[in-house]
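This report refers to the structure that appears directly beneath it.
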Amino acid sequence: MIGVLGASLFVVAPPGAAYAVTCSGNGCNGQDPQASGCSGNAITLATKPMLKPSTGSRVGTIDMRYSRTCRTQWIRIQANSNNCGSEGCQHEANITRNNGPDGPLVYYYNHGLPYAGAEYQWSLMVYTPNTLSCGSGVLDTGNEPGYPDGNSSTWLCG
């Protein structure tokens, strides 16, 4: 009589391995959402088309992103095309956290991360579990820039 012994192999990943983060609270202010691990389970709070003001043509999208793990927000820009020459398109992404229960006013104006020509470029983060933050950006098209809804004064808030 031949018997068969079944065996099972279980692989256990450490809890939170997919979203390991390197910052918390106001220590996330000014950090890169992707490098810090905060972008791992992010959601989009608001989105607008990026339009050229003179023609209204859509050249990309701007999003207000929120990390449920880090409780932070940042602006993300996606261009329809990154055809800006040999240096690549360099988008600008800006975010502001107003003075409130999460701390004092924080404002980050910076060129898009991680590098010119990337599919997505984004701002640094602000810690915002209880405070409204707003952001905006400029999409480099190689000629006329794109703005949220085609207006350089338009902001996304979340």
Of the conditions (1) within 19 Å of S153 (Cβ to Cβ); (2) free of Cβ contacts under 8 Å to residues at least 24 places away in the same chain; (3) surrounded by fewer than 17 Cβ atoms within 10 Å (Cβ to Cβ), the single one that T47 does not satisfy is (2)
Within region 134-153, restricting to residues that are under 24 Å from N29 (Cβ atoms) and over 13 Å from the mean Cα position of the chain (by Cα), the one that is surrounded by the most Cβ atoms within 10 Å (Cβ to Cβ) is P148
Of the candidates G85, G27, the one satisfying the condition of being over 16 Å from N130 (Cβ atoms), surrounded by fewer than 17 Cβ atoms within 10 Å (Cβ to Cβ), of a type in the set (G, A, S) and modelled with pLDDT under 95 is G85
The strands (runs of 3 or more DSSP E) lying entirely within region 50-158 that contain at least 2 residues which are among the β-branched types (V, I, T) and touching a helix residue (DSSP H, G or I) at 6+ places or on another chain (Cβ under 8 Å) are none
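The values are calculated or read from the model by the stated rules, or taken from the named source; none is laboratory data. Owing to the predicted nature of the structure, the values given are computational and were not obtained by experimental measurement. Quick reminder, even Gly has a Cβ in these numbers, built from the backbone with ideal geometry, and neighbours come from all protein chains shown.
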